[in-house]
1. Just to confirm the filter: which GluC sites (Glu not before Pro) across region 9-100 are DSSP coil and have at most 12 other Cβ within 10 angstrom of their Cβ?
2. Normalised by the residues of the chain, what does the relative contact order come to in percent, with Cα pairs under 8 Å and at least six apart?
3. For region 1-70, what percent of Cα pairs sit more than 16 Å apart?
4. Quick one: helix 17-32 against the long Cα principal axis of the chain, what's the angle to the nearest 10°, folded into 0 to 90?
5. Could you tell me how many degrees, from 0 to 90 and to the nearest 10, lie between the Cα long axis of helix 61-71 and the main elongation axis, the longest principal axis, of the Cα atoms of the chain?
6. What FRET efficiency, computed as 1/(1 + (r/R0)^6) with R0 = 30 Å and r the Cβ-Cβ distance, is obtained for Leu25 and Lys91, rounded to the nearest 0.05?
7. State the percentage of accessible surface on the chain attributable to carbon and sulfur atoms; use a 1.4 Å probe and exclude ligands, DNA and RNA.
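The values are calculated or read from the model by the stated rules, or taken from the named source; none is laboratory data. Note that this is a predicted model, so its numbers are computed, not measured. Note that each Cβ is placed from the backbone with ideal geometry, even for glycine, and that neighbours are counted across all protein chains shown. These accessible areas exclude ligands, DNA and RNA; they are computed on the full protein's heavy atoms, side chains included. Shrake-Rupley method; radii C 1.70, N 1.55, O 1.52, S 1.80 Å.
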Amino acid sequence: MSVIEMVEFTTHPGTTTESLETALLALDDELASLGGLESRELFRVDGAENAWLLDYRWASLETAQRSMGAVSESAAFGSLMALVASPETMKLTYGVPAAA
């Protein structure tokens, strides 16, 4: 079963959905090369300015947890992080399937 990774962050004022999607598409290529990436979806946080949620679906918790560290030195990651207002406030949350 899939594992979810939720990433909460804010961008600099004036960052558009289009510029964010462009940066994310480049990062998607990097993440996909790791294996285990199933999907990624971008959401705006309702009622908050410049606030976003990323919903990643991964094949395993291990792959999800090591993904950002594995790409953190890439140009694609740097381009995305240039749009993030306060990288130190980014929040990552992992969800695993509930026991049946």
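1. Details: sites: Glu18, Glu21, Glu30, Glu38, Glu41, Glu49, Glu62, Glu73, Glu88; in loops: Glu49, Glu73.
Within region 9-100, the qualifying GluC sites (Glu not before Pro) (loop, at most 12 other Cβ atoms within 10 Å) are Glu49, Glu73.
2. Numbers: 153 pairs, mean separation 48.4, N = 100.
Reported relative contact order: 48 percent.
3. Values: 1176 of 2415 pairs.
Tail of P(r) above 16 Å: 49 percent of Cα pairs.
4. The angle comes out near 30 degrees.
5. Long axis of 61-71 versus the principal axis of the chain: about 40 degrees.
6. Values: r = 23 Å, r/R0 = 0.75.
In this case the efficiency is close to 0.85.
7. Working: 3100 of 5700 Å².
Here carbon and sulfur together make up 54 percent of the probe-accessible area.
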